[in-house]
1. Between rounded, prolate and oblate, where does the stretch 34-93 land on the alpha carbon gyration tensor, with a ≥ b ≥ c its root eigenvalues, rounded for a/c under 1.5, else prolate if a/b exceeds b/c?
2. Residues of the stretch 33-58 with backbone nitrogen within less than 12 Å of a virtual label 7 Å along the Cα-to-Cβ line of residue 83, please, listed as ranges.
3. Please give the length that would be gained between residue 36 and residue 59 if that part of the chain were fully extended, namely 0.36 nm times their separation in residues minus their C-alpha to C-alpha distance (nm, one decimal).
């Protein structure tokens, strides 16, 4: 028993590809990307992995939750994974594209460096203040480790 005449069925079949395209486009995970082209092929690591000395001076992809962002130019952010925290300095190329961090989760590419953040450096006061506002984060921050990012991705 067929409730649709032959012509009605052909109309439905004609729209199936269109419906599938709409579903696929709507479900795609587009990322906003800023900075240099991606050069790291490895899967993104956690903040806890990045602050480990084994990662120092290596190019890595890092995924974390945004804890704070530079209130002036957006030249740094603080990322965490619940267990550890790292300061991420964004390259001039990223900052010049004026990304607005609109998500909690980001992925950055760059190099983990052992580097002290000087108390009288540009933005240090705002950086220290935003970390102090989030006391749990400030206790986990290692001031001698900085992630120098040349690429920023937001979903």
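None of the figures in this text is laboratory data; all of them are computed from the coordinates on show. Bear in mind that the values here come from a model prediction, so they are computed numbers and not experimental data. Heads up, the Cβs are rebuilt from the backbone with ideal geometry, glycines too, and the neighbour counts pull from every protein chain shown.
1. Note, shape of the stretch 34-93 comes out oblate.
2. Answer for this model: 46-52.
3. Computed gain between residue 36 and residue 59 is 7.0 nm.
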